[in-house]
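Heads up, the thing below is written out as structure tokens.
The values are calculated or read from the model by the stated rules, or taken from the named source; none is laboratory data. Everything numeric in this text was worked out from a predicted model, so none of it was measured. For neighbour counting, all protein chains shown are included, and Cβ atoms are generated from backbone atoms with ideal geometry for every residue, glycine included. With ligands, DNA and RNA removed, areas are computed over all heavy atoms of the protein, side chains included. Shrake-Rupley method; radii C 1.70, N 1.55, O 1.52, S 1.80 Å.
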Amino acid sequence: MKSAAAILALAASASAFAPAPINTKSTALNTVWDEYIGGQDFKGGEFKFDPLGLAETYSPLVPFFREAELRHGRTAQLAVLGFITTDFVRIPGDAYSFENIPKTIDAHNVLLEGPMHQLLLWIGLFDLVITIPAVQATMNGEREAGDFGIAGPKDEAKMAKYKMNELLHG
């Protein structure tokens, strides 16, 4: 009985050293990266990262995914900038002074009652007035994801570089 268990355990452990199956790349994912900018890494090499296969499974929603990726990247960049800035500059008023809130990290809990409600209101209003129509236009193919009509460089190569940098750093 012991020898049978040992042989069975040996056979089971041998499968750990078997070669991994070779997965073929999907053509749906490749077409997504061909249509959208952003399929390269920091060094300029190919970087087609979609571990869950969302681009293939939900291909009609890929413009929405790109819009959400750009929006969240921009929001994160602004949040970091705002977090760092408040260590050096404050808006006028005793409630926001360095004496009342010595550390930026404590501002959330101190200002939870008044200004945080206003912040929620303005972000909700922005979403309602600007983001929802923008996403609908993106899904209908009327605008490129993340393009709010703000003028950028006239040179197409320079604009493509800026778009790639935003995706890489966002």
Share of carbon and sulfur in the accessible heavy-atom surface of the range 67-110 [1.4 Å probe, %] = 67
Which of Ser97, Ser59 is most accessible, then next, and so on - probe 1.4 Å | Ser59, Ser97
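Given Lys48/Lys161; Lys103/Lys163; Lys103/Lys161, which pairs have Cα atoms separated by over 26 Å? Display every interim value, and only then the final one.
Values: Lys48/Lys161 18 Å; Lys103/Lys163 35 Å; Lys103/Lys161 37 Å.
Check vs 26 Å cut-off fails for Lys103/Lys163; Lys103/Lys161.
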In square angstrom, rounded to the nearest 10, how much accessible surface does Thr138 have for a 1.4 Å probe?
-> 10
How much FRET efficiency would the formula 1/(1 + (r/R0)^6) give for Thr57 and Lys161, where r is the Cβ-Cβ distance and R0 is 35 Å, rounded to 0.05?
-> 0.70
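Taking 0.36 nm per intervening residue step and subtracting the Cα-Cα distance, what contour gain separates Leu168 from Ala76 on full extension? Working shown, then result.
On the way: separation 92, 0.36 × 92 = 33.12 nm, distance 1.30 nm.
Between Leu168 and Ala76, full extension yields an extra 31.8 nm.
Could you provide, to the nearest whole Å², the per residue accessible area of the range 87-146 with probe 1.4 Å?
Numbers: 4570 Å² over 60 residues.
It amounts to 76 Å² per residue over the range 87-146.
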